[in-house]
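All remarks here apply to the structure that follows.
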Amino acid sequence: MPLTFIRFFSSIVIGALISTTVHAAIPLNEADTLSVYGDGRLRFEKDWDSYRGDGTQRSDRSRLRIRGRLGLLWKPADFFEANVRVRTGNDDHQQSGHITIADFNGNANGASDLNLDKWYGQFNWKGLSVWGGRNSLPWWKQNVLFWDDDVTPRGIGLIFKTDLGPGRFTLNSGVYDMPAGMQHYTGDAWSTQLVYEQDADKLGFTVAGGLVNIEADAEAGDYATRTLLQDNSLRDYENWVLATQLRFNNLPRPFYLGADFYHNAEDYSPTDPDVFTAFHADDTDGYVLQAVYGGVKEQWDWLAGAYYAHIEALAIHNSYAQDDWVRWGNSDQKTSSNFKGSELRAGLGLGHNANLIARLFIFRAIDKDYPTDIRKQNGKRFRVDFNIKF
């Protein structure tokens, strides 16, 4: 799709967002059963001091990127809703909806497309919600290092919530077809997660544990094997995740400490015919530690956060994890595992559902990607995002 049209679409989304002062979806009819919602992002990004596994240095890079998403929500009754959303991005990139509009180092801007990233119908009854279509993974998380918000599988999801003692219990579950890019699917998956959360005047906490089981398609087509890097379309995953969060509710601003622990229980062999699998057969664990103080909901609110991640090569399915930290991979896909490093974050609320978020990433590989590599990859990245939504 021509870049000029994508720019026009994004400009319409972001311009509408900037001009509106509402804090919720905009109703389109008198009965308030049909509404439109969206969000936009303008991003400055700089990468430097980055080396590939073959020893060559990536050129330093500064660029300007945008993302636009626009959705339509129909809710004719409390028990049913239908949702469809379109986003900018790249047909071949399920991990991101961003497009480059200016590269200050003379590099190509890359592909620019429009895709439906959500389309589903959902039934609600008391504490139970069941949806069918394409939607976000039903999963409680406090960061995107295991699963990126932009990755939306196709299938059936179930969420059940009920009070349990002084807190609340949630069951998240579902079965899915997994995306390869935005228009293709490969492999099957199912997930189950149990969540318990409780809040009091001084302290609150959440404990969540679950499994995402991904069964690869042994006869995955050429597109999937070409698109998902490191033979991810041909490898099974049994990803167990334990997440904990402790909230301090009696401070002037929100403050929480969090930890995530990852383990891939799939039994890989050091003699596997796939070189990447064999080389990393035992690299199946990871963890993330984080501390965040403050928030950006209201005007002039601010936040400060710090994250430390240590994620081995096969601890997660890195084609479905975040693409924020590392530059590794190619313009269509990122290989967001086999790294350790830190993120420092600062944010400022601007009011009207707008904010600024600045993030500094410093990271390096835990191990070489392949036995033929001559060095471990590394890099540094700085981002400033202007975010706005309605």
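Some values worked out for this structure:
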quantity	calculated
One residue from G174, G167 being touching an Asp or Glu at 6+ places or on another chain (Cβ under 7 Å) and either modelled with pLDDT of 95 or more or closer than 16 Å to S96 by Cβ (or both)	G167
The range 213-240 - residue that is part of a helix (DSSP H, G or I) and hydroxyl-bearing (S, T, Y) and, of those, nearest to P138 (Cα to Cα)	S233
Residue match in the range 332-354 (condition: on the phi < 0 side of the Ramachandran plot, part of a loop (DSSP other than H, G, I, E, B) and small (G, A, S))	yes
Every residue from the range 82-100 that is surrounded by fewer than 18 Cβ atoms within 10 Å (Cβ to Cβ) and in contact (Cβ under 8 Å) with a residue 40 or more places away in the chain	A82, D91
Every residue from the range 188-208 that is surrounded by fewer than 16 Cβ atoms within 10 Å (Cβ to Cβ), touching a strand residue (DSSP E or B) at 6+ places or on another chain (Cβ under 9 Å) and of a type in the set (D, E, K, R)	D199, K202
Cross-chain or 6+ apart pairs with Cβ under 7 Å, the range 117-141 first and at pLDDT 95 or above, then polar (S, T, N, Q) and outside any strand (DSSP E or B)	D117/T152; K118/N135; K118/T152; Y120/N135; R134/T152; N135/T152; S136/T152
Matching residues, the range 34-81, being surrounded by fewer than 16 Cβ atoms within 10 Å (Cβ to Cβ) and either outside any strand (DSSP E or B) or of a type in the set (F, W, Y) (or both)	W48, D49, D54, G55, T56, S59, D60, W74, D78, F79, F80
In the range 282-330, the residues that are assigned to a strand (DSSP E or B), crowded, with 20+ Cβ neighbours inside 10 Å and aromatic (F, W, Y)	Y307
Tabulated pairs, the range 207-218, first more than 27 Å from T244 (Cα to Cα), second of a type in the set (K, R), C-beta under 6 angstrom, 6+ apart or interchain	A216/R235
Selection from the range 241-281 of residues that are in a loop (DSSP other than H, G, I, E, B) and acidic (D, E)	E266, D267, D272, D274
Qualifying position, being at positive phi and in contact (Cβ under 8 Å) with a residue 40 or more places away in the chain, among G294, G305	G294
Filter result (surrounded by 17 or more Cβ atoms within 10 Å (Cβ to Cβ), touching a residue at least 40 places away in the same chain (Cβ under 8 Å) and under 18 Å from the mean Cα position of the chain (by Cα)) within the range 337-388	S337, N338, R345, I357, R381, R383, D385, F386, N387, I388
D117, sole failed condition from (1) under 24 Å from Y320 (Cα atoms); (2) of a type outside the set (K, R); (3) part of a loop (DSSP other than H, G, I, E, B)	(3)
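The values are calculated or read from the model by the stated rules, or taken from the named source; none is laboratory data. What you see is a predicted model, and the numbers here were worked out from it, not measured in a lab. So basically every Cβ, Gly included, is an ideal-geometry build from the backbone, and we count neighbours across all protein chains shown.
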